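J.: I have a structure here, written as structure tokens, and I will follow up with some questions on it.
The values are calculated or read from the model by the stated rules, or taken from the named source; none is laboratory data. Small disclaimer: the values here were computed from a predicted structure and weren't measured. Note: ideal-geometry Cβ built from the backbone for every residue, glycine included; neighbour counts use all protein chains shown.
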């Protein structure tokens, strides 16, 4: 994240992820720039400034969570429960997520789903330390898109930086941790094998997503990455911009994650410089202009289903 996004990181502390935009379970990001700079996102939600459902407004919850993840070594093999699963604590959601690869070392892989194995075979593989042989591998390069519905066994391999868009949940059942020992305790990290197996399911949409071109003109390319047919939680598209463009953000809002480049965005009478690594929440029913200053600019646009994407001109 220091190399790609110019982030200042602590010298002696490994940093594996950055939570960019979130408000749930009593935690919230503080707005860094823009008309609400310095205010907590949860505060803006409770005040009605950011349109969400009534239940989310009362609790100060934003319906999605946005992260950058930098995996220098393989992350644990996990599974997340779906919505309304009996193992979810009261008031918690499931966790469906999508990964968009930003950077990858040669030979980097992600793991999504099982290669024909069931719960009993997976339980035995955990006991014997042989889970890796059951995982479905996805070799990745920058730009690849991987969909991980709740209930899908998954892990992030070493040498990958990615954007993660997900439901706001931190309920994770760890099935396997590559037989590592926690240096702070001298013990292996806790596993949640039976809970994870109880949530296990194979989703036909899980795995690699093939981007679908939806628009191409001089200086602007749009690709659909996730539709509401594939993902009922959020929809996702990617814009690659190399000239000044205009458009309209529909209601209620859009979230942009800038993967590459930088541009000046003008919304109303405000202008903001968006750099690679920035995540912007833009309220809807607003006209904008985006002018690249370091092209091409690649950004991910996330919206709720049934709300329509930005109208780019």
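J.: Taking the stated definitions as given, is residue 189 at pLDDT 95 or above and surrounded by fewer than 20 Cβ atoms within 10 Å (Cβ to Cβ)?
T.: No; evaluated as a whole, the condition is false for this residue.
J.: Okay, moving on. Checking residue 216 against (1) buried (at least 17 other Cβ atoms within 10 Å of the Cβ); (2) not assigned by TED's automatic domain parsing to the domain that holds residue 124, only one condition comes out false. Which one?
T.: With (1) buried (at least 17 other Cβ atoms within 10 Å of the Cβ); (2) not assigned by TED's automatic domain parsing to the domain that holds residue 124 applied to residue 216, the lone miss is (1).
J.: How do the strands (runs of 3 or more DSSP E) wholly within segment 1-82 filter down when requiring 3 or more residues that are touching a helix residue (DSSP H, G or I) at 6+ places or on another chain (Cβ under 8 Å) and either buried (at least 16 other Cβ atoms within 10 Å of the Cβ) or assigned by TED's automatic domain parsing to the domain that holds residue 265 (or both): which remain? Steps first, please.
T.: Numbers: elements: 17-21, 65-71, 77-79.
Ranges flagged: 77-79.
J.: Which condition number does residue 119 fail, the rest of (1) touching a helix residue (DSSP H, G or I) at 6+ places or on another chain (Cβ under 7 Å); (2) surrounded by fewer than 16 Cβ atoms within 10 Å (Cβ to Cβ); (3) under 22 Å from residue 237 (Cα atoms) being met?
T.: Failed condition: (3).
J.: Oh, and also: Just the residues that are in contact with a strand residue (DSSP E or B) (Cβ under 6 Å, 6 or more places away or on another chain) and surrounded by fewer than 18 Cβ atoms within 10 Å (Cβ to Cβ), please, taken from segment 137-157.
T.: 137, 139, 141, 142 - these are the residues of segment 137-157 that are in contact with a strand residue (DSSP E or B) (Cβ under 6 Å, 6 or more places away or on another chain) and surrounded by fewer than 18 Cβ atoms within 10 Å (Cβ to Cβ).
J.: With respect to residue 36, determine if the residue is farther than 30 Å from residue 131 by Cβ and at pLDDT 95 or above.
T.: Against the criterion (farther than 30 Å from residue 131 by Cβ and at pLDDT 95 or above), residue 36 does not qualify.
J.: Here's something else I'd like to know. Could you go through segment 232-251 and let me know if any residue there is within 23 Å of the chain's Cα centre (by Cα), over 27 Å from residue 69 (Cβ atoms) and surrounded by fewer than 16 Cβ atoms within 10 Å (Cβ to Cβ).
T.: Looking through segment 232-251, at least one residue is within 23 Å of the chain's Cα centre (by Cα), over 27 Å from residue 69 (Cβ atoms) and surrounded by fewer than 16 Cβ atoms within 10 Å (Cβ to Cβ).
J.: Please verify whether segment 84-94 includes one or more residues that are touching a residue at least 60 places away in the same chain (Cβ under 8 Å), surrounded by 13 or more Cβ atoms within 10 Å (Cβ to Cβ) and under 27 Å from residue 278 (Cα atoms).
T.: Yes.
J.: Something else now. For residue 222, are the conditions met, namely being within 25 Å of residue 24 (Cβ to Cβ), buried (at least 17 other Cβ atoms within 10 Å of the Cβ), touching a strand residue (DSSP E or B) at 6+ places or on another chain (Cβ under 8 Å) and in contact (Cβ under 8 Å) with a residue 60 or more places away in the chain?
T.: Against the criterion (within 25 Å of residue 24 (Cβ to Cβ), buried (at least 17 other Cβ atoms within 10 Å of the Cβ), touching a strand residue (DSSP E or B) at 6+ places or on another chain (Cβ under 8 Å) and in contact (Cβ under 8 Å) with a residue 60 or more places away in the chain), residue 222 does not qualify.
J.: Could I ask something else about it? Quick one: would you say residue 92 is assigned by TED's automatic domain parsing to the domain that holds residue 203, touching a helix residue (DSSP H, G or I) at 6+ places or on another chain (Cβ under 7 Å) and over 30 Å from residue 140 (Cα atoms)?
T.: For residue 92, the condition - assigned by TED's automatic domain parsing to the domain that holds residue 203, touching a helix residue (DSSP H, G or I) at 6+ places or on another chain (Cβ under 7 Å) and over 30 Å from residue 140 (Cα atoms) - is not met.
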